[in-house]
1. Would you mind telling me which numbered condition in (1) over 14 Å from Cys350 (Cα atoms); (2) within 13 Å of ligand 1 (Cβ to nearest atom) Gly217 fails?
2. Ala255 - would you say it is of a type in the set (Gly, Ala, Ser), within 27 Å of Ile70 (Cα to Cα), in contact (Cβ under 8 Å) with a residue 40 or more places away in the chain and assigned to a helix (DSSP H, G or I)?
3. Of everything in segment 46-65, what is within 15 Å of ligand 2 (Cβ to nearest atom) and in contact with a strand residue (DSSP E or B) (Cβ under 8 Å, 6 or more places away or on another chain)? Give them in sequence order.
4. Which pairs have Cβ atoms under 6 Å, sit 6 or more apart or on different chains, and link a residue in segment 59-73 that is near ligand 1 (Cβ under 9 Å from one of its atoms) and β-branched (Val, Ile, Thr) to one that is assigned to a strand (DSSP E or B) and modelled with pLDDT of 95 or more?
5. Checking the conditions here, which among Ala273, Ala254 is more than 17 Å from Arg209 (Cβ to Cβ) and of a type outside the set (D, E, K, R)?
6. Restricting the search to segment 30-54, which residues are at negative phi and out of contact with any Asp or Glu (no Cβ under 9 Å at 6 or more places or on another chain)?
7. Considering each residue of segment 338-374, count those that are crowded, with 19+ Cβ neighbours inside 10 Å, among the polar types (S, T, N, Q) and over 18 Å from the mean Cα position of the chain (by Cα), and give that number.
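The values are calculated or read from the model by the stated rules, or taken from the named source; none is laboratory data. Bear in mind the structure is a predicted one, so any value in this text is a computation, not a measurement. Virtual Cβ from ideal backbone geometry, glycine too; neighbours counted across all protein chains shown.
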Amino acid sequence: MLKKLFQSFRPPARVQHHIRTTPEVINHSQHSLQRHQFSRHAVNIVERLQSAGYQAYLVGGCVRDMMLGITPKDFDVATSATPEQIRAEFRNARVIGRRFKLVHVHFGREIIEVATFRANHPVDEEENSHQSSRNESGRILRDNVYGTLEEDAQRRDFTINALYYDPVSERILDYANGVHDIRNRLIRLIGDPTQRYQEDPVRMLRAVRFAAKLNFGIEKHTVLPIRQLAPMLREIPAARLFEESLKLFLSGHAADTFEMLVDLQLFDPLFPASAQALEEHPTYTHTLISQALINTDLRVRQGKPVTPAFLFAALLWPALPGRALYLQSRGMPPIPAMNEAAHELIFEQCQRIAIPKRFTLPIREIWDMQERLPRRSGKRADLLLDNPRFRAGYDFLLLRESAGEETDDLGQWWTDYQECNESERREMIRELGGRDEGTGAGPRKRKRSPSKRRRADGGAGE
Ligand code: ATP
Ligand code: MG
């Protein structure tokens with residue numbers, strides 16, 4: 001799989017990887033796109049802008065996906081009109097954004113994003129510029145510099161994202177050999193890869209995201225600088241990385257994405273504690289995270305809801321035991337050590353990826369549930385069943401078992417318990433006898449032999 005993803009195809013003829021000043025024009029008869037496949041509202045916006053005298057095209061992901069026979073998530077329009085000029089054309093338009101000023105045109109629940117052509121930064125004119133700025137490592141901090149269509153193509157990330165479709169003439173404008181790369185299934189940065197990653201390190205994550213989503217290879221020059229530049233992701237605001245990590249892990253291709261992130265050393269700057277767990281307990285950590293992501297992918301593809309809390313709970317879980325054990329070695333009792341470890345781990349993770357409170361609380365609840373699921377005596381089992389977080393906690397238990405954690409068949413017990421009637425449940429509780437771990441007050445004392453507690457790869461600890 002990885003081999004396939006990183007495969008790099010040698011271009012058949014001399015292919016220009018940089019931008020053309022005149023585009024290759026692909027006429028209606030030479031491509032498979034049809035106007036009516038695109039959102040009617042997006043097409044109307046383009047027509048309206050064009051008749052007002054502006055240039056306007058459908059652009060980016062929607063053109064790329066359409067060429068690949070994938071239903072686009074949304075439809076973006078690029079135009080020579082400024083945000084104010086766009087707003088003047090549409091009653092239902094709102095200017096949004098600070099980093100990128102954009103216009104959202106609303107049609108009921110559909111929102112079409114209309115963006116003015118932008119230019120890359122002219123490096124030497126930057127000193128006194130108010131519209132654009134970079135930090136010392138070359139990262140772009142603001143870029144509201146309007147530009148021409150050619151410049152707009154040049155500042156886009158990948159060749160396959162720089163295709164412009166005019167639904168009126170039904171022609172595609174290709175400035176960066178994007179059609180060639182779509183046909184050869186390659187992710188290729190426009191321009192010098194190192195410079196483009198330095199401008200915006202998130203492009204490294206985007207390369208991985210598109211490679212996984214489209215099942216494309218990453219072209220060799222595009223993949224080459226990534227391992228070295230990966231630490232630059234530490235400079236990216238944690239809020240942006242949260243948004244980006246949702247796209248990485250909720251796209252339906254999270255399992256492949258994870259493999260590539262690890263291989264390209266991008267996982268470490270995103271999840272430092274988990275990356276460390278991956279080094280210390282590779283088999284266990286890898287199995288647990290992959291299994292969680294495979295399940296997530298399945299749910300996404302079946303259109304079932306997925307909660308980021310469960311996902312982050314799984315991504316971070318392998319880092320938890322080591323910390324709790326360390327705190328215990330400093331004299332903290334097991335349960336407070338576990339709680340403190342959970343608190344520290346989430347706090348540190350939020351420095352990298354700003355997971356909002358509405359997700360960090362459920363992460364803690366899912367983890368707490370792992371402590372409570374073994375304790376089932378008296379009314380405890382029924383109380384747990386009524387807990388709104390039971391389902392997530394139970395699924396998480398099954399996940400841990402699938403990664404080889406020894407739980408004394410606790411998952412099966414809970415599966416049976418849910419399927420039983422009232423009297424059978426009473427019987428199950430009775431049968432627990434001394435096996436239940438919650439009968440004593442305070443932190444439990446384990447009766448099992450130490451060997452049973454050992455995890456698949458030699459013990460990720462308690
Ligand atoms: P999808 O929406 O399916 O994830 P997309 O290609 O539409 O994919 P968006 O994040 O919606 O991705 O961005 C829209 C377009 O804006 C991209 O196709 C690309 O041309 C451009 N773009 C987005 N992010 C960047 C970036 N960091 N650097 C350069 N260009 C970018
Ligand atoms: Mg998009």
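1. It fails just one condition, (2).
2. Details: of a type in the set (Gly, Ala, Ser): yes; within 27 Å of Ile70 (Cα to Cα): yes; in contact (Cβ under 8 Å) with a residue 40 or more places away in the chain: yes; assigned to a helix (DSSP H, G or I): yes.
So Ala255 fits the description; yes.
3. Quick first cut of segment 46-65, residues within 15 Å of ligand 2 (Cβ to nearest atom) only: 57-65.
The answer is Tyr57, Leu58, Val59, Gly60, Gly61, Cys62, Val63, Arg64.
4. Val59/Asp76; Val59/Ala78; Val59/Tyr164; Val63/Leu163; Val63/Tyr165
5. On the way: Ala254 fails: more than 17 Å from Arg209 (Cβ to Cβ).
Exactly one of Ala273, Ala254 is more than 17 Å from Arg209 (Cβ to Cβ) and of a type outside the set (D, E, K, R), namely Ala273.
6. Let us first name the residues in segment 30-54 that are at negative phi, namely 30-52, 54.
Passing the criteria: Gln30, Ser32, His36, Gln37, Phe38, Arg40, Val43, Asn44, Glu47, Ser51.
7. 1
Listed here are the residues, each with its yes/no results for (1) assigned to a loop (DSSP other than H, G, I, E, B); (2) modelled with pLDDT of 65 or more; (3) within 16 Å of ligand 2 (Cβ to nearest atom); (4) not assigned by TED's automatic domain parsing to the domain that holds Tyr54.
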position	(1), (2), (3), (4)
Lys73	yes, yes, yes, no
Ala78	no, yes, yes, no
Ile86	no, yes, no, no
Val95	no, yes, no, no
Arg98	yes, yes, no, no
His104	no, yes, yes, no
Asn120	yes, yes, no, no
Asn128	yes, no, no, no
